[in-house]
Amino acid sequence: MNTMAQPLAAAPVAAAACPSCGGGAVRTIYAVRSIPLHSCVLLDTPEAARSFPRRDLELAFCSDCGFAFNAIFDEPAMAYSENFEESQHFSETFNSFARDLAAEMAERCDAAGSRIVEIGCGKGEFLIELCRAAGASGVGIDPSYRADPGRSPASAGVRFIPERFAAAHHAIPADIVVCRHTLEHIAPVGAFLRDIRAMIGDREDVRVFFETPDFARVLREGAFWDIYYEHCSYFSCGTHADLFRRSGFAVDDVRLVYGGQYIVQYARPVEPDPDPLPPGGAAVAEMRALVDGFEARVRRTREAWFERIDRAHREGRSVVLWGGGSKAVSLVTTLGLGDQLRAVVDINPYKQGRFLPGTAHPVIAPERLADYAPDLVVVMNPLYETEISRQLDALGIRADVASLT
Ligand SMILES: [Zn+2]
C-alpha cells in the first residue's frame, strides 16, 4: 500500500501540555499512520515481521518553546528488552566518530580517575571506550544491555545494570553523567531532566554530557525518514540547551557533529533559578520558521524518493537499501514500499538473516548482495557512502549509489 496520499494533519492537539515547557501552544505538524512500534527489533520470520505491532504517530510542535513530540505516544507499549539491536558499532565510520568523541570528552570533562554513569548505554561499547580512553570507571544503565561474547572487550571497572533509569539508581556515585541517543526516547523530557538534576544534588563539579539527534536538520531537509516511533521527542541545539537551562544546568557548549546530524552538549549543574525566564528567544524563533513549510518539504522528498525507487523497479532494475536501522524502517513504511525493494543490506551480523518490522524485507549481509544483482543502492546515511562504495567495489558490484540527505 502506498501511504503517500495520506494528508499531513495540521490541527490543534486536544488538551496536550508540552512535555518540555508545560505550555499549551501545541499543534500537530506531521502525522504518519500505522508504523511499527519498534524499528530496531529483530524478527526471525516474515510473518512475525508483518504482524509486528503498529501505532499512529502525530508530531506536535510547541510554539512556546520550539519542542516537538509525538502527542499520541504509547509509552507503556514500548517495552525495551535485550532483543533490540540498535548498535552502530559495526561501522568503521561510526567507530572512528565514537573514538574521537570519547577522547574529546575524556579531556574536556577531566575524566581521569572519575566515576562515569551512562544513562541509556545500549550495548555498552561507548562507555567501555570512554572509560578506557579516560582511565575512569563506569556504570551503564540500559534495559536493552546484553553482554554478547566478543562484542566489546571486557573492561575492568565497568559494570552494567540492565534496567530502565529510575530513582533507585540515584545513589550511584557519579562525577560525569553521560546520556547519548536516549533523550529522544523519553516522553516526559522535563521530568527526566529534573530527575537527573535531583540525582546530582548540590555537587556542582559534576559534568553532564548529552548527545541527541538534531531535528532542525530534519525540518530543513524534509527528512521524514528521521521521524519514527521510538523517537517521541525532537530538539534543535537551541531548544535542547533551553530545556537544560530551565532545569538547573548551565550549558558550556552545544554544537552539531556527525555531518550535522547529532547535537552534542556539555553542561554542569547550577543553583536552579527560582524565577526563570519563560521560554522564547532565538531558538524558538528558528524552530517556528523551520516548521513553516515543513509539510511542503516532506511532500517533495516523499514524492521524489518514491518516484525514484518505483521507476527503477518498473524499469526492471533491482533496488536495495543499505542500512537496516530505524531510518530504513521509517522510509519503507512511510513510502509504502513492497516489491519495489529487493532487500536491505546491513553490516551488523545480529541483523542479518532477519526481517524488517512491518514490511518484512529481508536483511542480508553485504556478501549476499550479488544474489540480488542490485542496479540501485540507496544509502540510508550519507556519512556512510564512502565506506559503502568501497565495500561495493570490493564485492565487484557495479550499481548506482544514491544517498538520503
Ligand atoms: Zn513547550
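The values are calculated or read from the model by the stated rules, or taken from the named source; none is laboratory data. What you are looking at is a predicted structure, and each value in this text was computed from that prediction instead of being measured. Cβ coordinates were reconstructed from backbone atoms using ideal geometry, including for glycine residues, and neighbour counts include every protein chain displayed. Side chains are part of the model used for accessible areas, which takes the heavy atoms of the whole protein and leaves out ligands, DNA and RNA. Shrake-Rupley method; radii C 1.70, N 1.55, O 1.52, S 1.80 Å.
Got a sec? Which of 203, 194 is charged (D, E, K, R) and either part of a helix (DSSP H, G or I) or open to solvent by less than 20 Å² (accessible area, probe 1.4 Å) (or both)? Step through it out loud before you land on a result.
On the way: 203 fails: either part of a helix (DSSP H, G or I) or open to solvent by less than 20 Å² (accessible area, probe 1.4 Å) (or both).
From the options 203, 194, the qualifying one is 194.
Tell me, please, whether a residue that is touching an Asp or Glu at 6+ places or on another chain (Cβ under 7 Å) and among the hydrophobic types (A, V, I, L, M, F, W, C) can be found in region 328-346. Taking every residue of region 328-346 in turn, none turns out to be touching an Asp or Glu at 6+ places or on another chain (Cβ under 7 Å) and among the hydrophobic types (A, V, I, L, M, F, W, C).
Note on region 249-268: residues that are in contact (Cβ under 8 Å) with a residue 24 or more places away in the chain and open to solvent by 50 Å² or more (accessible area, probe 1.4 Å) total 3. Residue-level check: of (1) of a type outside the set (A, V, I, L, M, F, W, C); (2) modelled with pLDDT under 90; (3) under 28 Å from residue 380 (Cβ atoms), residue 142 misses just (2). Residues that are polar (S, T, N, Q) and more than 13 Å from the chain's Cα centre (by Cα) were ranked within region 323-342; the one that is surrounded by the fewest Cβ atoms within 10 Å (Cβ to Cβ) is 340.
Report, by residue number, each residue of region 32-68 that is of a type in the set (Phe, Trp, Tyr) and open to solvent by less than 10 Å² (accessible area, probe 1.4 Å). Before you say what the answer is, go through the steps one by one.
First, pick out the residues of region 32-68 that are of a type in the set (Phe, Trp, Tyr): 52, 61, 67.
Selection gives 61, 67.
Of the listed requirements (1) out of contact with any helix residue (DSSP H, G or I) (no Cβ under 7 Å at 6 or more places or on another chain); (2) in contact (Cβ under 8 Å) with a residue 60 or more places away in the chain, residue 132 misses just one: (2).
Out of 209, 244, 224, report the one residue that is closer than 21 Å to residue 325 by Cβ and open to solvent by less than 20 Å² (accessible area, probe 1.4 Å). Talk me through it step by step, then tell me what you get.
Working: 209 fails: closer than 21 Å to residue 325 by Cβ; 244 fails: closer than 21 Å to residue 325 by Cβ.
The match here is 224.
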